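Asks: Before anything else, here's the structure in question.
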Amino acid sequence: MAHAHASERRVGVLVPDSNIVHEFEFAKLRPEGVRFGFRPFGFPAADAADYCADLAALMAEPAKDLKDWGAEVILIGCTTASMKCGQPEHIARMEQIAGVPIVTAASAVREAITALKLKSLTIATPYGDRSNGIVSNFIKGCGADVSAIAGFAYDANPTMFKEKATTLTPREVIKFISDIDTPTADGMFLPCTGVRSVETLAQLEKDRGKVAISSVSAGFWAALRRIGFDGRQVGYGRLLSTWDFAKA
C-alpha cells in the first residue's frame, strides 16, 4: 500500500449519538492526507420486531450525508450493534443505502484477529452481561477463545454510560483489563468505541507481553486498508505499527 498524496482521502464514521469519544480517538490517529467525518445515529427499541432493519433505517440519513460529504468508505463505529447486525445481508443493505463500501467495528475486529493470528482473548468492557454475551459469542464465532471477559455494566442507561464509561481514563482502562488478564490469553481486546482505548494499547503490550487491540484501532486500520491507504504508525499497538500483515 502507498500513501495517497494526490488528494485528501475521506472516511465517514457513523457513531451512536451518545458517543463522545470515538472522534477524539480518531483525531489522535489521523494521518496526513486523510479526513474523518462523523455523523451520529440513534438506536431502535431493544425489542423491535426487526432490530437490524430498523437500525439500518436510522443510519440511512447520516450515511447519505457522509456520502455527499465525499466519504469513500463508511465505518460503523459501534461494536455491539455491528456484531448483532453484521450478517452479509445487513452489510449489503447498508451499502445499498449508503452508496459506498461499509466497514463495521465488528468486521474490523474479525479482520484484526485473523491478521494477528489471535487464539484467545482477555476482554474488558463497559457493558453488562447482555452486551458482554454479544461480544463473547462474536469472538468465538471468529475462531478465538474468550479467556476472560468482564464489564462495568455502564450501559444500563445512556446517562450512566455518558457519565461513567466515557470518562474512564486510560490508566483506569489499563488496570481493569490487566486485573482480569489470564496467562492463557495471547491477546487483549477493548471492544467499546465509546471508551478511550488507543492510548492504552502500546502500554498494555509492553506490560503484559501480548497483543492489544480495540474496536477503535481495528476500525481505523480496516477502513484505511479498504481504501488502500497505509496509515501505519507507532505508539498505538502492533496492529497499527505492522499494518500490512500480508507482507509482514
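The values are calculated or read from the model by the stated rules, or taken from the named source; none is laboratory data. Here the structure is a predicted model, which means the values were calculated and not measured. Cβ sites come from the backbone with ideal geometry, for glycine too, and all protein chains shown count toward neighbours.
Asks: Checking ALA49 against (1) in a loop (DSSP other than H, G, I, E, B); (2) surrounded by 14 or more Cβ atoms within 10 Å (Cβ to Cβ); (3) more than 20 Å from the chain's Cα centre (by Cα), only one condition comes out false. Which one?
Replies: Here ALA49 meets the rest and fails (2).
Asks: Yes or no: ASP17 outside the structural domain of THR125 (by TED's automatic domain parsing) and touching a Gly at 6+ places or on another chain (Cβ under 8 Å)? Outline the logic, then answer.
Replies: Details: outside the structural domain of THR125 (by TED's automatic domain parsing): yes; touching a Gly at 6+ places or on another chain (Cβ under 8 Å): yes.
Spelling it out, ASP17 is indeed outside the structural domain of THR125 (by TED's automatic domain parsing) and touching a Gly at 6+ places or on another chain (Cβ under 8 Å).
Asks: Now for a separate question. Please specify each residue of segment 202-248 satisfying the condition of being within 16 Å of ALA27 (Cα to Cα), surrounded by 24 or more Cβ atoms within 10 Å (Cβ to Cβ) and among the hydrophobic types (A, V, I, L, M, F, W, C). Let's see the steps before the verdict.
Replies: The first filter runs over segment 202-248 and keeps only residues within 16 Å of ALA27 (Cα to Cα), leaving 214-221, 223-224, 231-236, 240.
In the following step, the residues that additionally are surrounded by 24 or more Cβ atoms within 10 Å (Cβ to Cβ) were identified as 214-221, 223-224, 236.
Selection gives VAL216, ALA218, PHE220, TRP221, ALA223, LEU224.
Asks: May I pose another question? Have a look at GLY99, GLY70, GLY37, GLY42 and point out the one that is touching a residue at least 24 places away in the same chain (Cβ under 8 Å), in contact with a Phe, Trp or Tyr (Cβ under 7 Å, 6 or more places away or on another chain), surrounded by fewer than 24 Cβ atoms within 10 Å (Cβ to Cβ) and more than 30 Å from LYS210 (Cα to Cα).
Replies: Numbers: GLY99 fails: in contact with a Phe, Trp or Tyr (Cβ under 7 Å, 6 or more places away or on another chain); GLY70 fails: in contact with a Phe, Trp or Tyr (Cβ under 7 Å, 6 or more places away or on another chain); GLY42 fails: in contact with a Phe, Trp or Tyr (Cβ under 7 Å, 6 or more places away or on another chain).
From the options GLY99, GLY70, GLY37, GLY42, the qualifying one is GLY37.
Asks: Ok, one more. Quick one: is ALA185 out of contact with any Phe, Trp or Tyr (no Cβ under 6 Å at 6 or more places or on another chain), within 18 Å of LEU240 (Cβ to Cβ) and crowded, with 20+ Cβ neighbours inside 10 Å?
Replies: Working: out of contact with any Phe, Trp or Tyr (no Cβ under 6 Å at 6 or more places or on another chain): yes; within 18 Å of LEU240 (Cβ to Cβ): no; crowded, with 20+ Cβ neighbours inside 10 Å: yes.
In short, no.
Asks: Given segment 70-137, what helices (runs of 4 or more DSSP H) lie entirely inside it while holding 1 or more residues that are more than 14 Å from the chain's Cα centre (by Cα) and modelled with pLDDT under 95? Working first, answer last.
Replies: On the way: elements: 79-84, 88-98, 105-116.
Filter on segment 70-137 gives 88-98.
Asks: OK, next. So, LYS210, is that one within 23 Å of GLY133 (Cα to Cα), basic (Lys, Arg) and at pLDDT 95 or above or not? If you could, list the steps in order and put the result at the bottom.
Replies: Details: within 23 Å of GLY133 (Cα to Cα): no; basic (Lys, Arg): yes; at pLDDT 95 or above: yes.
Here the answer is no, as LYS210 does not meet what is asked.
Asks: Return yes or no: is SER178 at negative phi, buried (at least 24 other Cβ atoms within 10 Å of the Cβ), of a type in the set (Gly, Ala, Ser) and not assigned by TED's automatic domain parsing to the domain that holds PHE41? So that I can check it myself, show each step before the final result.
Replies: Values: at negative phi: yes; buried (at least 24 other Cβ atoms within 10 Å of the Cβ): no; of a type in the set (Gly, Ala, Ser): yes; not assigned by TED's automatic domain parsing to the domain that holds PHE41: yes.
So SER178 does not fit the description; no.
Asks: Another question, then. Taking segment 187-246 on its own, how many of its residues are of a type in the set (Lys, Arg), over 17 Å from ALA124 (Cα atoms) and part of a helix (DSSP H, G or I)? It would help to see each step written out before you state the result.
Replies: Of the residues in segment 187-246, the ones of a type in the set (Lys, Arg) are 196, 206, 208, 210, 225-226, 232, 238.
Subset that is over 17 Å from ALA124 (Cα atoms): 206, 225-226, 232, 238.
If we keep only those that are part of a helix (DSSP H, G or I) too, we end up with 206, 225-226, 238.
Result for segment 187-246: 4.
Asks: Take the residues of segment 104-130 that are of a type in the set (S, T, N, Q) and surrounded by fewer than 22 Cβ atoms within 10 Å (Cβ to Cβ): which is farthest from PRO16 (Cα to Cα)? Please lay out each step first, then the result.
Replies: Applying the first criterion (of a type in the set (S, T, N, Q)) to segment 104-130 yields 104, 107, 114, 120, 122, 125.
Those left that are additionally surrounded by fewer than 22 Cβ atoms within 10 Å (Cβ to Cβ): 107, 114, 120.
Values: SER107: 17, THR114: 27, SER120: 29 Å.
Among those residues, the one meeting the criterion is SER120.
Asks: Say whether the condition of being of a type in the set (Lys, Arg) and surrounded by 16 or more Cβ atoms within 10 Å (Cβ to Cβ) is met by at least one residue in segment 4-21.
Replies: Let us first name the residues in segment 4-21 that are of a type in the set (Lys, Arg), namely 9-10.
Among the residues that remain, those that are also surrounded by 16 or more Cβ atoms within 10 Å (Cβ to Cβ) are: 9-10.
Checked against the condition, which is being of a type in the set (Lys, Arg) and surrounded by 16 or more Cβ atoms within 10 Å (Cβ to Cβ), segment 4-21 yields at least one hit.
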